[in-house]
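Input: a single structure, listed below in structure tokens.
The values are calculated or read from the model by the stated rules, or taken from the named source; none is laboratory data. All of these numbers come straight from a predicted model, not from anything done at the bench. Quick reminder, even Gly has a Cβ in these numbers, built from the backbone with ideal geometry, and neighbours come from all protein chains shown. Calculation scope for accessible area: heavy atoms of the full protein, side chains included, ligands and nucleic acids excluded. Shrake-Rupley method; radii C 1.70, N 1.55, O 1.52, S 1.80 Å.
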Amino acid sequence: MRVVRRLLKLALVVVIVLILVVSGLLTWITARAFPQAGGTLRLAGLHAPVQVMRDANGIAQIIADDPHDLFMAQGYLHAQERIWQMEVWRHIGAGRLAELFGPTALERDRFIRTLGWRQAGQRDLDATSADTRAALQAYADGVNGWIDQHRGSLGLPFVLEGLTFGKGGGLGGYDPEPWTPLDSTTWSKVQAWNLGGNLDREIFRLRVDARLGDGRLTDALFPPYPANGPVEIPAVSLHPGRTATVVSGPTRTTAAGPGVADGWRRLGAIASSLLAGTGLDASGGGGMDDGIGSNNWVVAPSKSATGHALLANDPHLGLDMPSVWYMNGLHCRTVGPACPYDVVGVSFPGVPAVILGHNARIAWGATNVGPDVQDLFEEKVDPGDPGHYLFRNASVPFTVRHETIHVANGPDVGIDVRSTGHGPVISDVDDRLKASGALYSLRWTAIAEPDQLVDTFFALDRAANWEDFRAALSVYGTPSQNFIYADVDGHIGLQVPGRIPIRQDAADRGDRPVPGWDGLHEWLGYARYDDLPRSFDPPSGRIVTANAAPVEPAFPIYLGRDWDPGYRAQRITDLLDGAASSGGVTLETMRSIQTDTKVGRAALVVGHLDVAGPATEDGRTVLQRIRAWDGTCTVESQGCAAYMTFEYRLLRGIFDDELGNDLARDYNGGSPSWQALIALLGDPTATWWDDRSTPDRHETLPDVVSAALDAAGAALRAELGDPGGWTWGRLHTITFQEATLGQGGLGPLNSYLNRGSYPVAGAAGAVDNTYYQFRTAYQDPSDPAYRPGGLKAVFDVTNGPSYRLAIDMGDLDGAGIVITTGQAGNPFDRHYGDLIDAWLAGGQVPLPFTPEALRAATTTTLTLSP
């Protein structure tokens, strides 16, 4: 026994020593990667010294003599704070994720290489102005200046990457390649994929057509935009006396056997998850609604309590660690023609300029338009020559591009990317789909033509008035956004820019593939910029966009049809009008609206619950709480927890039997399912109410609603216990996860990289649009080992307001801002998660702008010296 005790003591000592050694190494590796915020650093290539002033929240303000030094310093700062994030993001754009993460990323790389993001980024770079190319190069030089100074002393992700995949470097981490301007321009393709397109819905319709065998049943899953839904731009506002012919063509149902349909499922899942695990989009599947959207609005002086224009913006993106945004200012010491920048806001690490924010004259924000800019074309191979396809009775050779994908811990993989005149053949990405003979190409605005999007943001940073603002957006391509505008003179405006395709066949509505061989469904070009929706100083005194339909159906240009149903936009409008009529809209009004948690669609569902007769006590408790609910989703709300759980169970009760696991997991929980539910509640005779899985019984609307209430009660009790604890905040939580290494399930690493979990207010469809994914409760057909989660997994927040800005144009130093986590990308840095509490509470931190405000707010100053 004495020997055993000694051995146990020795083992304990060894464990303690190992813990201390590992902790020491971790502390050393972490500390060496902290950015230097004060003193002086040398940055070769600068023309003159640059000051970097940081405030208590880590917001960085760069002050330089010329644009070259501004953007070079911005590149250096981005690398200081976010180099691992930048490294991952550029590997996404290049389709080189497998180089970092091994064979598990190979399918995504194949898809990205097939789309040709890197090639499209090169065309964009070639099309940019000389000044923009110079700025991109200066930015790249700044990034490389930081990399050169820190080779062999990079942070933990680089060390783990080197050790895991044998990239060398040991505890110094592997060496990243030099940054290039192409790395920055390719980023626009990543964001275009994230924010623009309806490929997922085209693929979903293909799959539902194959399962249900009737395109009309498929179309019922996508109700039209509500007749009373908010629209910002009347159809005749830009084209007096001219209206569009609204064409509703026949539904094209594409025949597909089970094998082909399953191939489309796999392809859709890859397409929708290209950015999953990278901090951009947490959709992770082929869903109809991934929570990617935004709110913004502007208020004219006539409706403002201060007599100045007001602007608010909160883009809804994936919520990971660190934030997708970096807060900074770019200030010329002497603002003039030679150095015209004086701007603050948010930027993307990896890209120069301020993307959203304000300068001394104007402010701007953006929300996703969601136009139909992607079309699938079904192609035919020439039966006499498999290297050719048919088009207008002619045999045309495929364009073939060979790509080699390097795979960490695996052999290289070569692929041949075939393209037709319509675009890349994306059906080739799935080998089984390709073997079936399916041949579909994708036409997409982001890869079809060169884009000058990068030019746009430099021009916005310099813009001084509405004319400059519109000129800056005139060269913008994708992803199309609702850009709102406010200026110090009291003007407000909205401009929708971007390439909107004009289709040869007016009946084509981008909902299903069209024939590619007959030449009858081509794109004839793009809508003229001056014909796109815009508004300037409208009589209403406010402009609101929240992914709702931007125009009426009779607008002469077909923009699309897959809009948010408009509850957020209507709620914002109502709150603004109420404030305007009772003293005027204030900055505090704007901020409170950003965190409004009322769920607009709920009233349209609750009004039908008189038919319900739940059989269980818990089901009756759910019904009682829903009836007493005020429609808001605070963390304390019991009514919200009851309603959201009931809605979830009701959607499953209606659609699971018809759609099956694979389709229901992609459909339920998105805005189309909300609208279909509301429509069906008004139609008790609809065939959807009958459960196909019980052929011996005919279910009715009251049966399904009552069963959903009972199922909701049972689920809440199983997850949360006694009904006294059934609150929304116990279900609706967020964990900010580092997007690459923080999701592997390794406890100590997760604790090091991640923060949370935290209860979160808001809900999907509220203005405070904190989104979640119902698919977590379904079996994953691509992963047999996956185990579906319970209610907490269902309502775990994945997407939401990635940053919030509110500004009064009469008090630029009074603007408030917040991002989700913090400025830093390095764990244990005090700015890694210091803004989480403010974000959760709906608070904002000051965004100083004028020289006096910058000096007053500065806590550290770094001088970058040539």
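Out of Gly810, Gly747, report the one residue that is modelled with pLDDT under 95, open to solvent by 10 Å² or more (accessible area, probe 1.4 Å) and farther than 26 Å from Gly350 by Cβ.
Among Gly810, Gly747, only Gly747 is modelled with pLDDT under 95, open to solvent by 10 Å² or more (accessible area, probe 1.4 Å) and farther than 26 Å from Gly350 by Cβ.
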If you go through Ala138, Ala220, the only one that is open to solvent by 20 Å² or more (accessible area, probe 1.4 Å) and modelled with pLDDT of 90 or more is Ala220
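For region 572-581, state whether one or more residues are over 19 Å from Gln481 (Cα atoms), among the hydroxyl-bearing types (Ser, Thr, Tyr) and touching a residue at least 60 places away in the same chain (Cβ under 8 Å).
The answer is yes, given that some residue of region 572-581 is over 19 Å from Gln481 (Cα atoms), among the hydroxyl-bearing types (Ser, Thr, Tyr) and touching a residue at least 60 places away in the same chain (Cβ under 8 Å).
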Scanning region 490-508 for residues that are in contact with a helix residue (DSSP H, G or I) (Cβ under 6 Å, 6 or more places away or on another chain) and open to solvent by less than 10 Å² (accessible area, probe 1.4 Å), the one farthest from Gln374 (Cα to Cα) turns out to be Gly493
Selection status of Thr798, polar (S, T, N, Q), farther than 29 Å from Thr573 by Cα and open to solvent by 10 Å² or more (accessible area, probe 1.4 Å):
no
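Hey, does region 705-714 have a residue that's of a type in the set (S, T, N, Q) and over 25 Å from the mean Cα position of the chain (by Cα)? Give the steps one after another, and end with the answer.
Residues of region 705-714 of a type in the set (S, T, N, Q): 706.
Okay, now just the ones that are also over 25 Å from the mean Cα position of the chain (by Cα), so 706.
Yes, that holds for at least one residue.
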Of (1) under 21 Å from Leu100 (Cα atoms); (2) free of Cβ contacts under 8 Å to residues at least 60 places away in the same chain; (3) surrounded by fewer than 21 Cβ atoms within 10 Å (Cβ to Cβ), Gly213 fails just (1)
Residue pairs qualifying under the 7 Å Cβ cut-off, at least six apart or on distinct chains, with the first in region 33-55 being touching a residue at least 60 places away in the same chain (Cβ under 8 Å) and closer than 13 Å to Gln149 by Cβ and the second being in a loop (DSSP other than H, G, I, E, B) and among the polar types (S, T, N, Q), are Ala33/Asn826
If we keep only residues of region 721-742 that are more than 24 Å from the chain's Cα centre (by Cα) and surrounded by fewer than 23 Cβ atoms within 10 Å (Cβ to Cβ), then the residue nearest to Val622 (Cα to Cα) is Pro723
Flag if Arg108 is within 21 Å of the chain's Cα centre (by Cα), at negative phi, among the basic types (Lys, Arg) and surrounded by fewer than 23 Cβ atoms within 10 Å (Cβ to Cβ): no
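I'm trying to understand the selection: among the residues of region 490-527, which are of a type in the set (A, V, I, L, M) and not in a loop (DSSP other than H, G, I, E, B)?
Residues satisfying the conditions are Ile492, Leu494, Ile502, Val514, Leu524.
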Across (1) polar (S, T, N, Q); (2) more than 24 Å from the chain's Cα centre (by Cα); (3) closer than 26 Å to Ile426 by Cβ, Asn198 clears everything bar (2)
Filter region 40-70 for residues that are open to solvent by less than 30 Å² (accessible area, probe 1.4 Å) and part of a helix (DSSP H, G or I); the one that is farthest from His331 (Cα to Cα) is Asp69
Restricting attention to region 832-864, the residues that are under 30 Å from Pro49 (Cβ atoms), part of a loop (DSSP other than H, G, I, E, B) and not hydrophobic (A, V, I, L, M, F, W, C) number exactly 4
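A quick yes/no check of all residues on (1) open to solvent by 40 Å² or more (accessible area, probe 1.4 Å); (2) aliphatic (A, V, I, L, M); (3) in contact with a helix residue (DSSP H, G or I) (Cβ under 6 Å, 6 or more places away or on another chain); (4) farther than 30 Å from Gly268 by Cβ:
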residue: Gly670; (1), (2), (3), (4): no, no, no, no
residue: Ser673; (1), (2), (3), (4): no, no, yes, no
residue: Ala676; (1), (2), (3), (4): no, yes, no, no
residue: Leu680; (1), (2), (3), (4): no, yes, yes, no
residue: Thr685; (1), (2), (3), (4): yes, no, no, yes
residue: Trp688; (1), (2), (3), (4): no, no, yes, no
residue: Ser693; (1), (2), (3), (4): yes, no, yes, no
residue: His698; (1), (2), (3), (4): yes, no, no, yes
residue: Val704; (1), (2), (3), (4): no, yes, yes, no
Exactly one of Arg82, Arg90, Arg96 is touching a helix residue (DSSP H, G or I) at 6+ places or on another chain (Cβ under 6 Å) and in contact (Cβ under 8 Å) with a residue 24 or more places away in the chain, and that one is Arg90
The condition from (1) out of contact with any helix residue (DSSP H, G or I) (no Cβ under 9 Å at 6 or more places or on another chain); (2) within 29 Å of Phe158 (Cα to Cα) that Tyr752 misses is numbered (1)
Log entry, pairs with first residue in region 456-478 being without any contact (Cβ under 8 Å) to a residue 60 or more places away in the chain and crowded, with 18+ Cβ neighbours inside 10 Å, second being in a loop (DSSP other than H, G, I, E, B) and aromatic (Phe, Trp, Tyr), beta carbons closer than 9 Å, six or more apart or on different chains, reads Thr456/Tyr476
Taking region 480-489 and the residues there that are modelled with pLDDT of 95 or more and part of a loop (DSSP other than H, G, I, E, B), the one that is least open to solvent (accessible area, probe 1.4 Å) would be Val488
Counting only residues that are under 25 Å from Gly477 (Cα atoms), open to solvent by less than 10 Å² (accessible area, probe 1.4 Å) and in a helix (DSSP H, G or I), region 92-105 contains a total of 2
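So, of the residues in region 455-479 that are in a loop (DSSP other than H, G, I, E, B) and closer than 26 Å to Pro337 by Cα, which turns out to be nearest to the chain's Cα centre (by Cα)? Even if it seems obvious, please write down each step before you answer.
First, the residues of region 455-479 that are in a loop (DSSP other than H, G, I, E, B): 463-465, 474-479.
Next cut, closer than 26 Å to Pro337 by Cα only: 463-465, 474-476.
Values: Ala463: 26, Ala464: 29, Asn465: 29, Ser474: 24, Val475: 23, Tyr476: 19 Å.
Here the answer is Tyr476.
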The condition from (1) within 29 Å of Tyr341 (Cα to Cα); (2) buried (at least 23 other Cβ atoms within 10 Å of the Cβ) that Tyr772 misses is numbered (1)
Cβ pairs under 6 Å, 6+ apart or interchain, first in region 437-450 and charged (D, E, K, R), second surrounded by 22 or more Cβ atoms within 10 Å (Cβ to Cβ), ordered by first then second residue, are Arg443/Asp375; Arg443/His422; Arg443/Gly423
